[in-house]
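Rule-based calculations on the coordinates, nothing more; no lab input. These numbers come from a predicted model, not from an experiment. Cβ coordinates were reconstructed from backbone atoms using ideal geometry, including for glycine residues, and neighbour counts include every protein chain displayed.
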Amino acid sequence: MKEVEKEAVKIAEAFSSFYRKYGYPLYGRHNVKKTKWWKFFFKAADMYSNLEDWDAYIWVACQFEKHGKRFPTQLVGQEAFDTFQEYKHRYTEDNSTSLVRSLIDTYKKILDWCVETSCSRSLFLQDKKNLFLLERGNIDPVFFVVSKTFIGLDEEVKERIMSKEERMAKRSSILNNERIKKKMMEILGEDFV
């Protein structure tokens, strides 16, 4: 039961960040369990978290991707399940080849920068020029969604680089692919989160 509750909290967090585009939050982060919406998050986690390809963030992302504005009540039921089945491939990366290519390209840019500046990799995100390039899309930010350094940046800076929903979805696609996850752990070492 504790695992289901944990997944329900993940669903609530993901829902809150996606819903923000459409209006004021329906609940506070710390009081979600006391709201009328909690039973829907819990029910979704209870019904679907045992799926082999389950991921709370992807579940919510699929719902908003297909239907636009959603309410917690719409995260449960056949339509929600069908939407997940239809859209999950966008996040679970059957495009793992493009994800790998993107991660490699970004890693090469980081290494080139290290050679040019004689600085260590850990200082890459402290360089204002690099942050500017990330904001403009000249450097793909996906590499950094599993980096403690990136996660520690000011929320406003991260939001200019990539929306919270995108970060969660991309992070999920990295963590759900064992080979990519292991490689990123190896590359980032202590900075991996």
Please arrange Ile11, Ile174 by how many other C-beta atoms lie within 10 Å of their C-beta, fewest to most. Ile174, Ile11
Collect residues whose amide H, placed 1.01 Å from N in the peptide plane, falls under 5 Å from the amide H of Phe192; neighbours closer than 5 in sequence don't count. Lys148
Got a sec? Charge dipole of the chain, +1 on Cβ for Lys and Arg, -1 for Asp and Glu; which of Leu103, Phe41, Ser120 is way out at the positive end? Phe41
Computed ³J(HN,Hα) along the stretch 16-28: with the Karplus parameters 6.51/-1.76/1.60, θ = phi - 60°, integer Hz and x for glycine or proline, the list is 4, 6, 6, 5, 3, 5, 9, x, 5, x, 7, 7, x
Give Lys66/Lys129; Lys6/Lys170; Lys6/Lys181; Lys43/Lys164 a once-over and call out the pairs whose C-alpha atoms are over 32 Å from each other. Lys66/Lys129
In nm, to one decimal, how far is the Tyr107 label point from the Lys39 one, both placed 7 Å along Cα→Cβ? 4.9
What number, in percent, do you get for the relative contact order of the chain if the mean sequence gap of Cα pairs under 8 Å and at least 6 apart is divided by its residue count? 20
May I ask for the percentage of alpha-carbon pairs in the stretch 2-92 that lie more than 18 Å from each other? 36
Hey, got the dipole for the chain? About the Cα centre, +1 on K and R Cβ, -1 on D and E Cβ, debye to the nearest 20? 540
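Tell me, Asp154, Asp53 in order of fewest to most beta-carbon neighbours within 10 Å?
Ranking Asp154, Asp53 by Cβ neighbours within 10 Å, fewest first, gives Asp154, Asp53.
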Here the Kirkwood hydrodynamic radius of the chain, Cα-based and in Å, equals 17.8
Just rank Ser122, Ser147, Ser49, fewest to most, by other beta-carbon atoms within 10 angstrom. Ser122, Ser49, Ser147
Only loop residues by DSSP count here, and only those with at most 10 other Cβ atoms within 10 Å; note down the trypsin sites (Lys or Arg not before Pro) in the stretch 1-91 that meet that. Arg29, Lys36
To the nearest 20 Debye, how big is the dipole of the stretch 100-193 about its Cα centre, given +1 on the beta carbon of each Lys and Arg and -1 on that of each Asp and Glu? 280
